[in-house]
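**Student:** Right, I'll just put the structure down here and ask away after.
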Amino acid sequence: MAIPESDIDPYSDEVLENPHPAHAVLRDLGPVVRLSRYGVHAVARYAEVRAVLEDWQAFSSARGVGIEDFARTKPWRLPSVVLETDPPLHDRTRGVQSRVLSPLALSALKEPFAAAAEELVERLVGVGEFDAVPELAEAYPLTVFPDAMGMPRENRRFLLPYGNMVFNSFGPRNANFEAAVQDAAPVIAWVQAQSLRENLAPQGFGAEIHAAADRGEITAEEAPQVVRSVLTAGVDTTVSAIGAMLHCLARFPGQYERVRAEPRLIRNAFEEAVRHESPVQTFFRTTTRPVEIGGETIGEGEKVLMFLGSANRDPRRWDRPDDYDVTRRTAGHVGFGAGIHACVGMALARMEGEAVLSALVRRVARIEIAGEVRRRRNNTLRGFASLPLRLVPA
Ligand code: OVV
């Protein structure tokens with residue numbers, strides 16, 4: 001048997017606009033395929049995506065989790081000391097984030113997060129029709145997240161172009177990437193400055209990460225890098241996830257009714273949106289040795305693209321994978337990854353999603369699409385450029 005080849009370009013405009021047909025083709029070709037355009041291997045089925053995610057020894061993150069191999073090409077930015085590392089360094093840096101962002105640590109934020117969502121949704125119900133990308137999916141995380149970090153009010157919106165740059169940079173140097181890094185310098189400098197101890201409030205995730213350096217858990221040089229990691233991964237992703245949830249609830253009105261009738265489904269409604277949309281569509285690993293995937297052996301030093309979004313809609317794993325079903329058993333989805341690099345901020349993301357949907361079900365009878373929905377083009381993140389919605393008051 002040989003590894004099948006495909007000339008599908010996952011970074012083409014067409015596939016980024018609607019990746020599902022390409023994912024189905026790639027899944028059906030075999031457990032592992034070779035993408036001839038980029039000279040990388042790829043896994044698109046659930047079983048193999050999961051297997052790669054869970055084997056950090058054979059599938060390293062330290063040579064970058066984008067298409068570029070740090071062993072061959074100079075990284076575009078200083079590599080993340082969390083995302084783009086393996087144990088033991090990874091475990092030390094992640095350990096700090098993990099404690100700061102644990103469900104227990106976040107419990108104090110439940111009330112302010114709920115209050116911010118209530119206030120925003122109440123105002124939007126008054127407006128009636130609006131673009132839910134800037135007005136809700138971006139507005140909400142851009143308030144609660146920088147507050148929780150302990151950031152000043154100025155220039156918080158810079159978190160969006162920064163995330164856009166970094167998530168584009170995991171893909172090839174195409175037009176999406178080039179557009180995102182135009183005029184990047186001030187945004188990069190701003191994020192760097194925001195990661196420093198003196199620019200973070202004495203209470204917040206930022207200060208708590210720096211305090212871990214005082215205790216010797218990470219070094220003083222690592223602390224701003226661990227903060228930067230949270231700043232990078234913490235906003236764009238939740239913007240996309242909240243947008244996905246709103247889109248799902250508008251497209252599947254029966255599911256929204258179900259959640260309204262049974263608010264205990266709120267948490268799963270958000271989780272199912274993360275499965276259905278997979279805001280983070282792809283990440284790479286690099287093989288550390290010859291390794292078998294689905295009965296095929298690939299060599300050492302090979303890039304392996306994991307199609308998380310495809311795994312989350314693999315009919316080999318999910319019944320009616322394209323349906324948004326708020327009662328689905330979502331456990332096992334890989335929208336937050338899996339294994340040692342699984343999303344460290346997922347409790348925070350869930351709290352945001354839950355706060356927004358809780359506020360909606362109390363005040364809104366129906367969520368309707370009110371205009372042309374436009375997808376945003378990013379090499380890694382799946383989301384919307386525009387999502388016109390109408391909120392019908394309860
Ligand atoms: C998960 C993620 C995405 C983007 C950046 C980072 C992490 C980081 O650690 O910098």
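**Student:** Looking at the range 147-157, which of its residues are part of a helix (DSSP H, G or I), more than 15 Å from the ligand (Cβ to nearest atom) and buried (at least 17 other Cβ atoms within 10 Å of the Cβ)?
**Tutor:** The answer is Asp147, Ala148, Arg156.
**Student:** Could you look through the range 356-379, keep only residues that are in contact with a Ser or Thr (Cβ under 9 Å, 6 or more places away or on another chain) and in a loop (DSSP other than H, G, I, E, B), and pick out the one that is surrounded by the most Cβ atoms within 10 Å (Cβ to Cβ)?
**Tutor:** Restricting to residues being in contact with a Ser or Thr (Cβ under 9 Å, 6 or more places away or on another chain) and in a loop (DSSP other than H, G, I, E, B), the top hit is Asn378.
**Student:** Moving on to the next point. Away from the ligand (no atom under 16 Å from the Cβ), touching a Leu at 6+ places or on another chain (Cβ under 9 Å) and not polar (S, T, N, Q) - does that describe any residue in the range 205-219?
**Tutor:** The answer is yes; a qualifying residue exists.
**Student:** Right, next: Restricting attention to the range 80-103, and to residues there that are in contact (Cβ under 8 Å) with a residue 12 or more places away in the chain and under 18 Å from Thr287 (Cα atoms), which single residue is nearest to the ligand (Cβ to nearest atom)?
**Tutor:** Per the criteria, the residue is Leu83.
**Student:** Among the listed residues Val187, Val181, Val166, which satisfies the condition of being at pLDDT below 95 and either within 14 Å of the ligand (Cβ to nearest atom) or aliphatic (A, V, I, L, M) (or both)?
**Tutor:** Val181
**Student:** Within the range 16-51, count every residue that is surrounded by fewer than 16 Cβ atoms within 10 Å (Cβ to Cβ) and either within 19 Å of the chain's Cα centre (by Cα) or at pLDDT below 95 (or both).
**Tutor:** Counting residues in the range 16-51 that are surrounded by fewer than 16 Cβ atoms within 10 Å (Cβ to Cβ) and either within 19 Å of the chain's Cα centre (by Cα) or at pLDDT below 95 (or both) gives 3.
**Student:** While we're on this one: Could you grab me the full set of residues in the range 128-137 that are more than 18 Å from the chain's Cα centre (by Cα), at negative phi and touching a residue at least 24 places away in the same chain (Cβ under 8 Å)?
**Tutor:** Within the range 128-137, Glu129, Phe130, Asp131, Ala132 qualify.
**Student:** Then there is this: Go through Pro161, Pro172, Pro202 for me and flag whichever is of a type outside the set (Phe, Trp, Tyr), modelled with pLDDT of 95 or more, touching a Phe, Trp or Tyr at 6+ places or on another chain (Cβ under 7 Å) and away from the ligand (no atom under 13 Å from the Cβ).
**Tutor:** Sole residue among the options that is of a type outside the set (Phe, Trp, Tyr), modelled with pLDDT of 95 or more, touching a Phe, Trp or Tyr at 6+ places or on another chain (Cβ under 7 Å) and away from the ligand (no atom under 13 Å from the Cβ): Pro172.
**Student:** Only one residue in Val239, Val259, Val227 is among the aliphatic types (A, V, I, L, M) and away from the ligand (no atom under 16 Å from the Cβ), so which one is that?
**Tutor:** That would be Val259, the only listed residue that is among the aliphatic types (A, V, I, L, M) and away from the ligand (no atom under 16 Å from the Cβ).
Here is a yes/no grid of residues against (1) within 30 Å of Val166 (Cα to Cα); (2) out of contact with any helix residue (DSSP H, G or I) (no Cβ under 9 Å at 6 or more places or on another chain); (3) part of a loop (DSSP other than H, G, I, E, B):
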position	(1), (2), (3)
Glu217	yes, no, yes
Val259	no, no, no
Ile266	no, no, no
Ala273	yes, no, no
Arg317	no, no, yes
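**Student:** Another one. Test Ser60 against the criterion of being more than 30 Å from Val361 (Cα to Cα), more than 13 Å from the ligand (Cβ to nearest atom), touching a residue at least 60 places away in the same chain (Cβ under 8 Å) and hydroxyl-bearing (Ser, Thr, Tyr), and give yes or no.
**Tutor:** Taking the combined requirement at face value, the residue satisfies it.
**Student:** For residues that are over 25 Å from Leu83 (Cβ atoms) and either assigned to a helix (DSSP H, G or I) or modelled with pLDDT of 95 or more (or both), tally how many sit in the range 2-12.
**Tutor:** Total meeting the criteria: 7.
**Student:** Keeping to the range 268-305, report how many residues are over 22 Å from Phe384 (Cα atoms) and under 17 Å from the mean Cα position of the chain (by Cα).
**Tutor:** Number satisfying all stated conditions: 3.
The values are calculated or read from the model by the stated rules, or taken from the named source; none is laboratory data. Since the structure is predicted, the reported quantities are computational estimates derived from the model, not experimental observations. With ideal geometry, Cβ positions are generated from the backbone for all residues, glycine too; neighbour counts draw on all protein chains shown.
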